[in-house]
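Beneath this line is the structure, given in structure tokens, with notes to follow.
What follows draws every value from the coordinates through simple rules; no lab data is involved. Here the structure is a predicted model, which means the values were calculated and not measured.
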Amino acid sequence: SFLVLCYLDLPAPVKRCFAYLSLFPKSYHFRQEELICQWMAHGFLKYNESGRSMEDVGDEYFGYLIKRSFLQPAFGYHDTFMMHDHVHYLAIYVSEESYKHHLCYDGRIKDFALESILKHGRSLRTIMPVHLGFERERSEFDPDLWERVITKLSKHVFQALSLSHYKITSLPASIGGLTHLCYLNVSCTDLKEIPDSICDLINLQTLLLIGCRSLTSLPDRLCNLVKLCRLDF
């Protein structure tokens, strides 16, 4: 089909980025900056000989997907993009089982997915609760459950975590044990403080704190995060 031909014409690195979109449900609204940060966390974007940053490379790859109509502006919403159903099916088809270590689930549902992690001990790279549409309902947060999840994840190469839109006021101190973590999104939460242990995340590249209105300060050692290239409030 025409879509398959367009996919085959993509540069190999862009194909990986496109296949990553298969994690997300139909009708999901993508934000360019967030998606590029996730690609970066998983090593899909590399510095090149011209000296361009990974973010610039990500912008180029995102542009490829728009030009091929794999991503289209979401009608009625500002700065968000969606996939047509047929494009979503293609992303699932080409991804095969490449992303079986990435968990993306409806954030409004009770944390059955996290219970599954504890039960089966899956070696995950990503946990990405998502919310469909513009109005994002806040999700309940079970501190004890997440403490156990983080303890288990600390034993693996875990790279991306989103707790966006969860009803949380603090993060477990054990989060500092996720030493491979590159992407952390705690936007639109009720966080009042960030544990100092977050400064032990030596590989952290992206920290998103957008809409955290109760947060009044950041840890003094945050400057130790030498790989941090995106900090958004």
Study note, to complete from the structure: In deg cm²/dmol, rounded to the nearest 500, the helical mean residue ellipticity at 222 nm of the chain, built from -39500 (n - 2.57) for every DSSP H run of length 4 or more, is -9000 deg cm²/dmol
Revision key, fill the gap. For the chain the mean separation of alpha carbon contacts under 8 Å (6+ apart) over residue count, i.e. relative contact order in percent, is 15
Check your understanding: Which residues' amide hydrogens lie under 5 Å from the amide hydrogen of residue 159, considering only partners 5 or more residues apart or on another chain, with H built in the peptide plane?
Key -> 126
Check your understanding: Of the beta bridges DSSP finds with both residues in the chain, what % are antiparallel, to the nearest 5?
Key -> 15
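Given a cut-off of under 8 Å on Cα pairs at least six residues apart, what relative contact order in percent is computed for region 1-84?
33
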Exercise for review: May I ask which of 152/192; 67/167; 155/227; 167/227 have a Cα-Cα span longer than 31 Å here?
Suggested key: 67/167
Point to revise | Fraction of the pair-distance distribution of the chain above 33 Å, Cα-Cα pairs, percent | key: 16
